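A.B. asks: Take a look at the following structure, please.
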Amino acid sequence: MANPTPFASGLARIAQFFQFRPLQTGFRQETIAAVTTFVTMAYILAVNPAILSNAIFLETPGDLFGELVVATALAAAIATLVMGLYAKYPFALAPGMGLNAYFAFSVVLGLGIPWPVALGAVFVEGVVFMILTALNLRGAIVRAIPDCLKYATSAGIGLFIAYIALTGSEIIIADEVTTTGLNDLTRGVPALTVLGLGITAALMARRLRGALLWGILATAVLAWGLGVAAPPEGIVSLPPLPVHLLGQGLMGLGAAVSLNLGQFLTVMVVFLFVDFFDTVGTLTGLGVKAGYLKSGQEFPRLNRAFMADAVGTTVGALLGTSTTTAYIESAAGVSEGGRSGFTAVVVAGLFLLSLFFTPLLAGIPEFATAPALILVGVLMMGTVRQIRWDDPAESISAFLTMVIMPLSYSIADGLAVGAIAYPLLKSCQGRFREIPIAMWVLAGLFVIKLTVLNSP
């Protein structure tokens, strides 16, 4: 029998490393799953730079868009590669939706914190997350936070994202009498946004893979064709080096010393809190869908998956983007048969390949991403069904968390109100002893945040 060729031998070693046989998968199946995952989440390459461009710029918003595309793709590729090679799961990661909005609109624009300092907070959050993961302390923290607040956090971020998209695309405008109101939807930008929303929603209703991405592209093409936005100057080019972003997170740590330390720590804790529980929920849901565990049980190598998230966040901050987290869109690839880390490795490669399409991404108008943002909000609202609405302590705390986030334009304030209300309402029910000490500590910290750190 002839000896196998070096190529065949290499493929065999890869298959063995990723345990194709035990997982009943193969190269074709894993590659198809990877392409599916990438297509469903590729919208982040346009949406994340569009959101961060409002806060991260040199002279005018958008002047670092190309570098933000590179930072987004590199952060996603590195984190996803760690997930594939170290944790060996078919899950993809990228800068998280909601967290990027909090970074841009609440931290930089809302609190007036310079964007390098905000990147420094993301960097510290990633390091803390790595330490918590290495020490295996996540279990105690997870047990301290009630499920209703975890679900409400996801839903509240979804509402916040949708609200940002509706106002950014001029569908919802300021009104002197009613505070906000509906704009004339026959005008250029609002009209195209509504049309794009209809197209994207229809594609999602048909369960088309990559509906969000196709919706963004369709809206952009219509905008270019109708002259509402300038077309891109090119499609393919060598990616720009993120020279104005690289290392700014470390520079920001030095500048943070001259700022309000309590404010800096609050921002970092919110990044950590949201990222931590978003990752917990996403990985658990994907683990169930992929068959790694039965509902309610923890699957093996979870710490390694957490480490991939932490590494992505830390590296991403150094590259110039907000917190990196696991993406629920990975479920699309899992549905297509992705079972091993090879799926994640291929997704990472596709993110790197996307770097050469920066001119096309830079030409996409910001309002073209609004339909995708609104529908991401819809997807994130799905967690509300798991809230116990028949329990007033849980339902009131969850509702306050969700509604305060968009109305206060602050994820941190929404989390604070919910975390304070929950132990107080549980105590009113005579269930004081059911509340972990850690939850009271968090509530106390959030009281300080609302009464001291939010004061002028």
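A.B. asks: For MET307, which of the numbered conditions (1) part of a helix (DSSP H, G or I); (2) at pLDDT below 90 fails to hold?
C.D. replies: Tallying (1) part of a helix (DSSP H, G or I); (2) at pLDDT below 90, MET307 fails exactly one: (2).
A.B. asks: So which residues in segment 311-336 are over 16 Å from THR282 (Cα atoms), open to solvent by 10 Å² or more (accessible area, probe 1.4 Å) and not aliphatic (A, V, I, L, M), if there are any at all?
C.D. replies: THR314, GLU336
A.B. asks: Right, next: Looking at the structure I just gave you, is LEU450 within 30 Å of GLY225 (Cβ to Cβ), open to solvent by 20 Å² or more (accessible area, probe 1.4 Å) and either part of a helix (DSSP H, G or I) or at pLDDT 90 or above (or both)? Show your work before the answer.
C.D. replies: Values: within 30 Å of GLY225 (Cβ to Cβ): no; open to solvent by 20 Å² or more (accessible area, probe 1.4 Å): yes; either part of a helix (DSSP H, G or I) or at pLDDT 90 or above (or both): yes.
Criteria not met by LEU450.
A.B. asks: Take the residues of segment 255-271 that are in contact (Cβ under 8 Å) with a residue 12 or more places away in the chain and surrounded by fewer than 18 Cβ atoms within 10 Å (Cβ to Cβ): which is farthest from GLU67 (Cα to Cα)?
C.D. replies: We begin by selecting, within segment 255-271, every residue in contact (Cβ under 8 Å) with a residue 12 or more places away in the chain; these are 255-256, 259-260, 262-264, 266-271.
Those still in the list that are surrounded by fewer than 18 Cβ atoms within 10 Å (Cβ to Cβ) too: 255, 259-260, 262.
Working: ALA255: 22, LEU259: 27, ASN260: 29, GLY262: 31 Å.
Among them, the one singled out is GLY262.
A.B. asks: Determine whether segment 385-392 contains at least one residue that is in a helix (DSSP H, G or I) and either within 19 Å of ASN54 (Cα to Cα) or open to solvent by less than 10 Å² (accessible area, probe 1.4 Å) (or both).
C.D. replies: Here is the first cut: in segment 385-392, the ones in a helix (DSSP H, G or I) are 385-386, 392.
Next, only the ones that are either within 19 Å of ASN54 (Cα to Cα) or open to solvent by less than 10 Å² (accessible area, probe 1.4 Å) (or both) stay: none.
No, that holds for no residue.
A.B. asks: Applying the selection to segment 243-260, what residues are part of a helix (DSSP H, G or I) and at pLDDT below 75? Quick ask: steps written out before the conclusion?
C.D. replies: In the first step, residues of segment 243-260 are kept if they are part of a helix (DSSP H, G or I); the result is 248-256.
Result: ALA256, single match.
A.B. asks: In addition: In this structure, is ILE404 over 26 Å from the mean Cα position of the chain (by Cα), open to solvent by 40 Å² or more (accessible area, probe 1.4 Å), within 19 Å of VAL269 (Cα to Cα) and modelled with pLDDT of 85 or more?
C.D. replies: no
A.B. asks: Kindly indicate whether ALA75 is open to solvent by less than 40 Å² (accessible area, probe 1.4 Å), touching a helix residue (DSSP H, G or I) at 6+ places or on another chain (Cβ under 9 Å) and closer than 24 Å to THR358 by Cβ.
C.D. replies: On the way: open to solvent by less than 40 Å² (accessible area, probe 1.4 Å): yes; touching a helix residue (DSSP H, G or I) at 6+ places or on another chain (Cβ under 9 Å): yes; closer than 24 Å to THR358 by Cβ: yes.
When the stated conditions are applied, ALA75 passes them.
A.B. asks: A further question on this structure: Quick check on GLY84: is it small (Gly, Ala, Ser), farther than 25 Å from GLY234 by Cα and either surrounded by fewer than 24 Cβ atoms within 10 Å (Cβ to Cβ) or in contact with a helix residue (DSSP H, G or I) (Cβ under 7 Å, 6 or more places away or on another chain) (or both)?
C.D. replies: Details: small (Gly, Ala, Ser): yes; farther than 25 Å from GLY234 by Cα: yes; either surrounded by fewer than 24 Cβ atoms within 10 Å (Cβ to Cβ) or in contact with a helix residue (DSSP H, G or I) (Cβ under 7 Å, 6 or more places away or on another chain) (or both): yes.
Here the answer is yes, as GLY84 does meet what is asked.
A.B. asks: Let me ask something else. Within segment 350-366, is there a residue that is buried (at least 24 other Cβ atoms within 10 Å of the Cβ), charged (D, E, K, R) and out of contact with any His (no Cβ under 6 Å at 6 or more places or on another chain)?
C.D. replies: Start the filter on segment 350-366 by keeping residues that are buried (at least 24 other Cβ atoms within 10 Å of the Cβ), which leaves 351, 358, 361, 364.
Remaining after also requiring charged (D, E, K, R): none.
Looking through segment 350-366, none of the residues is buried (at least 24 other Cβ atoms within 10 Å of the Cβ), charged (D, E, K, R) and out of contact with any His (no Cβ under 6 Å at 6 or more places or on another chain).
The values are calculated or read from the model by the stated rules, or taken from the named source; none is laboratory data. These numbers come from a predicted model, not from an experiment. Here the Cβ is made from the backbone with ideal geometry for all residues, glycine too, and neighbour counts use every protein chain on show. Ligands, DNA and RNA are excluded from the accessible area calculation, which covers all protein heavy atoms including side chains. Shrake-Rupley method; radii C 1.70, N 1.55, O 1.52, S 1.80 Å.
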